[in-house]
Every structure is written in structure tokens, then in C-alpha cells.
Amino acid sequence: MVVPGLRGKAVQWEDFKSVAQAQPGHAQDEWLFYEHGATPFSREGVAVLAQRLRDRIRNRAEVQGLPDEILLLGHSLGGLIVREAYLAAVDATYEGEEVDAWARKVTRIILFAAPNQGVVVPGAKLFGVVPFLGLARWLSPLLDDTVQGADFISNLKIGWLRYFRRTPPSQQPVVLQLLGDADSIVDESESLEVEQLPTGEQRRLSGATHSNVHRWDWLPAGSEREDYKRMLMHYTFEHQPSDAPSAKQAERNAVQNVVFVMPGIRALNPDWTTQLRDVLKRPDTDVRIGNYGYFSAAKFLRSGVRRANTRWFKNSYSDALAQYPNANFHFVGHSNGTYILGESLRRLPNMRFQRVYLAGTVLPVDYPWGELFKKHQVETLRNDKSCADWPVGILCRVMNKVLGIRDVGTGGIEGFRGAYSGKQVQEYAYFSGGHGAPLEVGNHRSISQYINNADPNEPDRTAFVGEISPAVNWGGRLAPALVVLLLAAAAVWVGWGLVTGATPAERFGPLVTVLAATIVGYFALDKV
């Protein structure tokens, strides 16, 4: 089964097919071509294209019976389609369906320059990642699926690694990524999840580019072209990757724990991430600190900006899983860092963490931790709360109650509600101080003990106060009503000015005043 890349056609593979059929023992092979017709602006995502491929192979097997062997060949986008179709067909936990019989007959998967890591779109850096990706989702679900850190790419990488990790090598197909060393789109770092397999390997092909790695007509007629043909046939039908662990694999297997440390906004101690890293660091532990620059309260108000960093986090998680497939994963996060975790867990059902620590969390009180516990995405959770946390107690409450932003809330003040046990969730309140109080140095040992599953791991209770700060408590209660009243008053004022104003200044003065106040308020929040 051959799956071309974007705008690819079966006719482009005719030379490959004719040479392959001339190989000993392959004259009677049946060749099927899946012309998906995808373009950069296709309205269907990769999963839809993969489902069609899966249905086509399944229908062929039902009508003509299962063949002795199935080889899946995919070029560029076709490689992603092949991987998704195979994983969905062979792993019932990936799509929640029964395994297809044909998937057990797949013996070789040959990827020609598949962008396994997703693609980095040049325009995203030039025009700003958030508006570009928002435009991509509108213009092309297919393009949005294949951008680095996209939900589809991340879930495929994670699901692929988890399936092959629990599958005996004797039941795994050979998986080869063939990559031209002149490829300007895909590089060799993109196939960690292939190289980690006992039956997987990546090979560099001299002189080939992204578009011609599966052809030989770019070479002059003669011995060089014939050598390239023989090499492609060898990799397609014969090559067996070495199952001996490399030195890098042995080094990776020594890492038993990966801890993501994600900063947020308004931590009084801006160096807490590196200080905590030094406490968490052990020979068998890799600590990874998220870094997405200064993040103000104004930026936090914008949903596109909040969600943009989830792509970095999802890509980093899947990369770490590819690098350390046998490690346990843990999370330490503050403020917007906890939002990044919550949004990523919701979008990636294959993402899993053993222990999760939250400080000043901005997630809503009804965030579905109970569902995540049942699906084993999270094993235990600790939530440390501060008494004077105004970003959570006031700003997040207004966002949730007044602006209707449901993915943000007051879990960092009120805690979480749900059907789970005390062993699954620990909540400590209230630390004396503001939004970042639990991140002070005095609490680092307790955080480290929790992450390392050491007892005791309770924080020092001398840092606690008995209740929420009255200012945050009453501010949080009154702020939503006050904002609604101010908005209503502004609307009446603007309406009055537009309808009854006698002069342009009187008519448009209220509107200009409201707009000016909004701009001043936004820039004020942008500094905190």
C-alpha cells in the first residue's frame, strides 16, 4: 500500500513499482495506491484521511481475504497517514475500537521523509504564532494538524511510543525512516520515536531532498542511479534494523523520572524554577523548565495567547517520552503553567503524569480530575493555595463568571470539587502571601518530597494562615457584580451619547472615554 504526499499521484510511483516487481520473489505482489488528493488547504484533517486508508485496506481484506504480508509505504504527509491508520487499526486503546485483522499482517512500514515531529511553518515566526495558527485552523484543518506541537501530531507520537513499548518485538513490524541529507523540511532529529523501537531505524540517503527521496530520476543515468535503486529496494524489502541497544539508548534508560517545571505569572521569587530544579535533580531524574518569556495578566486574558504555549508543552512532552520511553513523568506548575497542563491533558488522552503539583492554579474548580484519574492520565494531585492570591481570587473569577471563560477559574483559592479520594488529591491552604507564596524556598523540600513520593511531604504549617485575605475574599465576591455594573453603565452612557448628544464631542465623548479606559486598563494589566 503506497500513500503519496501532498498532491501526490500513483503515476509518480510507477518506476518504483516496476523495479520492485522485478526483485526476486516480488513479481506477484499486489500494489495498491491511495490517492487522497490532499492539498495545503484541504478541509479534512489527517485522521480523516487515515480512516479512509484504514477502511480501504479493511474492505480489500474482507472481499479478497488477508494477504500473507502487508507493506505500508508513505511519503511525507503519506507517512503520517500510514502511521495513524496503522496505530488506529492495531491498538484498541488508541481509538477505543477493536483491532483490525489486517494490522497484524503488516510486516514493514517504510517512511520516506515523514514529518514525524510536525512541520515548522515559516510564517508562524514572521507574523506571530498565535494569529497565524488561528488562521491555519480556519484555512486548513490539515495544515493545523501537521504543525509542530499540534494535537494530532502530539497524540500520534505519544500513542505510537506507548503501543510499541508494551508490544513484544516479535509482534512489531520493521519501521524505517528514509531521509535525504539535503532535505530542507525534515531533519534527522524528527524520528526519535522510530529509532527507539527495537525494530525501528532511520537512514540518511546522500544527496536526496524531501521531494525526491523515493525516486532516482534526479540522478544521472549510470552506476550512481543503479546503486540508489538497489539501496531503496534493499530498505523496502530486506533491511533488518539491529536490535542491539546503542550507547545512547543505555544512557536514556538510566533516566527513570522526568519532571516538567512550568512557570506562570507574578511569582515573587522569579528564580524559583532553577532553585527547585537544583532540589529535584538526581542522577536518574531529568528536570525540564518551561520558558515562554514574560507573561502578563493582560496576555492571560487572551485565550489565543494562553493556548499558544500548549503547543510547545505538548511537543516537549512527546519529545521527552521519545527520549526516555521508560521514565515516569511528573509536573510542577504555577499559574498559567497549570493552565497549560490542564488544556494539554484535556486535548491529549495519551498524555500521562504520575504526580502533579499545582501552585496558584488558574484552573476552574470543576476541572475534571476525576475523569483523568479513571483514565490513568494522572495518579495523584497536590494543590497549594495562597491567602492573598488576587490573580486567582479576583481576575480569574471575573473571567469565569462575567466573561464566560470556562477553562479558567478559582481552583487556586477554592480548591477542586469532584469524585475522587483523599489519596488522589491533597490540598493545602492557606499559605501566607500572594500568588506565588507556595513557591518560596521554604516549601521546595516539601514539593521535592511529594514529586519523589517521599514521606512526609506536607508543607511547613508555620507558613500557613487560617483563612483567605479579606481583601481577596470580598474583592472576589464583589468584583463580578461591579464589572457587570460598570459595563452596563458604560453601555447606557455610550448609548445616551450616541442617541441624544447635540454635538459630536457630546455624542462620541462617552465612547472615546470607554475605549480609552479599556486601553489604559489593558496596558496596566500588561505590566503585572
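What to note about this one:
- Among residues of region 13-49 being in contact with a strand residue (DSSP E or B) (Cβ under 9 Å, 6 or more places away or on another chain) and not in a loop (DSSP other than H, G, I, E, B), the one that is surrounded by the most Cβ atoms within 10 Å (Cβ to Cβ) is LEU49.
- Among the residues of region 23-44, at least one is within 18 Å of LEU232 (Cα to Cα) and small (Gly, Ala, Ser).
- Of all residues in region 105-127, one or more are at pLDDT 95 or above, assigned to a helix (DSSP H, G or I) and not hydrophobic (A, V, I, L, M, F, W, C).
- Residue under evaluation GLY412, criteria (1) in contact with a helix residue (DSSP H, G or I) (Cβ under 6 Å, 6 or more places away or on another chain); (2) surrounded by fewer than 24 Cβ atoms within 10 Å (Cβ to Cβ); (3) small (Gly, Ala, Ser), criterion not met: (2)
Table: residues versus (1) touching a residue at least 12 places away in the same chain (Cβ under 8 Å); (2) acidic (Asp, Glu); (3) not assigned by TED's automatic domain parsing to the domain that holds LEU161.
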residue	(1), (2), (3)
TYR339	yes, no, yes
GLU343	yes, yes, yes
MET351	yes, no, yes
VAL356	yes, no, yes
TYR367	yes, no, yes
GLU371	no, yes, yes
HIS376	yes, no, yes
GLY393	yes, no, yes
CYS396	yes, no, yes
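- Cβ-Cβ under 6 Å pairs, at least 6 apart or on other chains, region 461-475 side assigned to a helix (DSSP H, G or I), far side modelled with pLDDT of 85 or more and β-branched (Val, Ile, Thr): GLY475/ILE394
- Yes/no for GLY422 being free of Cβ contacts under 8 Å to residues at least 40 places away in the same chain and more than 28 Å from the chain's Cα centre (by Cα): yes
- Within region 212-233, the set of residues being out of contact with any strand residue (DSSP E or B) (no Cβ under 9 Å at 6 or more places or on another chain) and either in the same structural domain as GLN323 (by TED's automatic domain parsing) or crowded, with 16+ Cβ neighbours inside 10 Å (or both) comprises ARG215, TRP216, LEU219, LYS229, MET233.
- Enumeration of residues in region 215-235 that are within 41 Å of the chain's Cα centre (by Cα) and of a type in the set (Asp, Glu): ASP217, ASP227
- Qualifying residue in region 292-305 (condition: at pLDDT 85 or above and surrounded by fewer than 23 Cβ atoms within 10 Å (Cβ to Cβ)): no
- Residue, farthest from PHE16 (Cα to Cα), within region 50-91, restricted to residues that are in a strand (DSSP E or B) and in contact with a Lys or Arg (Cβ under 9 Å, 6 or more places away or on another chain): ILE70
- So ASN443, is it outside any strand (DSSP E or B) and surrounded by 15 or more Cβ atoms within 10 Å (Cβ to Cβ): yes
One line per residue, one yes/no per condition, for (1) within 27 Å of ILE158 (Cα to Cα); (2) modelled with pLDDT under 95; (3) of a type in the set (Asp, Glu):
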{"position": "PHE41", "(1), (2), (3)": "yes, yes, no"}
{"position": "GLU44", "(1), (2), (3)": "yes, yes, yes"}
{"position": "GLN64", "(1), (2), (3)": "no, yes, no"}
{"position": "GLY74", "(1), (2), (3)": "yes, no, no"}
{"position": "TYR86", "(1), (2), (3)": "yes, no, no"}
{"position": "ASP100", "(1), (2), (3)": "yes, yes, yes"}
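The values are calculated or read from the model by the stated rules, or taken from the named source; none is laboratory data. These numbers were taken from a predicted model, which means no experiment stands behind them. Reconstructed Cβ throughout: ideal geometry from the backbone, glycine too, with neighbour counts over all protein chains shown.
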